[in-house]
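What follows is a single structure, written as structure tokens, with notes after it.
The values are calculated or read from the model by the stated rules, or taken from the named source; none is laboratory data. These numbers come from a predicted model, not from an experiment. Every residue, glycine among them, receives a Cβ derived from its backbone with ideal geometry; neighbour counts consider all protein chains shown. Heavy atoms of the whole protein, side chains included, go into the accessibility calculation; ligands, DNA and RNA do not. Shrake-Rupley method; radii C 1.70, N 1.55, O 1.52, S 1.80 Å.
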Amino acid sequence: MGREMTNQKPQSEMSYTVQQLVSVNPYNPDILPDLENYVNEQVSSQTYSSNANLCLLRLYQFEPERMSTQIVARILIKALMAMPAPDFSLCLFLIPERVMRTEWVLVLWKGWGMTIGMQMEDQFKTLIVLSHYLETARFRQFWDEAAKSRHILEVVPGFEQAIQAYAIHVLSIAYQKVPRSVLAEAINIEGLVLDKFIEHHITNSGWAIEKNQNKGQLIIFPHNEFNDPELKKSAADGIPLENITRILPILG
């Protein structure tokens, strides 16, 4: 169900141990500290394991008093970075409302005051809002909200780059070409930095530049089955012969 990201750094020996624990006995509460440490390792090493993180959230369901809001926030941030995979929604479904209420009561009971409770609630609410902006491709609103929430997001290295990659993914499957200003807004980069960014993708990703008198500079993405109707049609028409031979006896 979860997705393992393959474009990040190799994981350490500890990660293999955690994966084995998850495979053998995912509902053993004794592995909870190992899974929490593994979340922190994912953050520091810029690796990602949705399976291990989902396992930890399931354990939190059974033992809500042991839930670490800091760890959960880091899991949710890493899940945002994995978009377009549905990891964020999967994680969110495993954080029941009753857990949030339990944490609120514990904070008040310990006499730490209502401020800490409010900070905890705002942290999750902010991540949910950011997720909504990404899912609806409202990138300007996303970057504005993210700028207000740097204290939440900056603890996870690579966040900005991961979201930029997602924004490019969305643009490239929806359009064959976009104005430079649209790209700049989507990835939150301007000026010379944007020039270098575009040059890098021209060299490595097959982008091209077209000058238009009305729209200025246009960024051209490689054609794919999503942004090119002809390629999509070809992919739909290209039914393998072996599939046809399997269907014919059934129809007969």
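Miscellaneous remarks
- Restricting the trypsin sites (Lys or Arg not before Pro) of the stretch 138-206 to loop positions (DSSP other than H, G, I, E, B) with no more than 15 neighbouring Cβ atoms within 10 Å leaves Arg138.
- Derived scalar couplings ³J(HN,Hα) [the stretch 194-203; Karplus, 6.51 cos²θ - 1.76 cosθ + 1.60; whole Hz; x for Gly, Pro]: 5, 4, 5, 4, 5, 4, 4, 6, 5, 6
- Surface calculation, 1.4 Å probe, protein heavy atoms: His200 sits at approximately 100 Å² accessible.
- In this structure, the amide hydrogen of Gln217, modeled 1.01 Å from its nitrogen in the peptide plane, lies closer than 5 angstrom to those of Arg180, Asn212, counting only residues at least 5 positions away or on a different chain.
- Take Ser23: with every protein chain present and a 1.4 Å probe, its accessible area is about 100 Å².
- Under a 5 Å amide H cut-off, with hydrogens placed 1.01 Å from N, Tyr48 pairs with Met5 among residues at least 5 apart or on other chains.
- Integer Hz, Karplus 6.51/-1.76/1.60 couplings in order for the stretch 209-221, x for Gly and Pro: 10, 10, 9, 10, 5, 8, 9, x, 7, 10, 9, 9, 8
- Taking amide H as placed 1.01 Å from N in the peptide plane, Lys177 has its amide H under 5 Å from the amide H of Phe221, each at least 5 places away in sequence or on another chain.
- Treating r as the C-beta distance of Gln176 and Gln141 and R0 as 35 Å, the FRET efficiency rounds to 0.90.
- Counting protein heavy atoms only, the stretch 15-71 has 47 percent of its accessible area on carbon and sulfur, 1.4 angstrom probe.
- The GluC sites (Glu not before Pro) of the stretch 116-182 that DSSP puts in a loop, and whose beta carbon has at most 13 other beta carbons within 10 Å, are Glu154.
- In sequence order, calculated HN-Hα J values of the stretch 57-73 (Karplus, 6.51, -1.76, 1.60; Hz; x Gly/Pro): 5, 5, 5, 4, 4, 7, 10, x, 5, 9, 5, 9, 5, 5, 5, 4, 4
- The stretch 33-56 and the stretch 191-214 have Cα centres lying 36 Å from one another.
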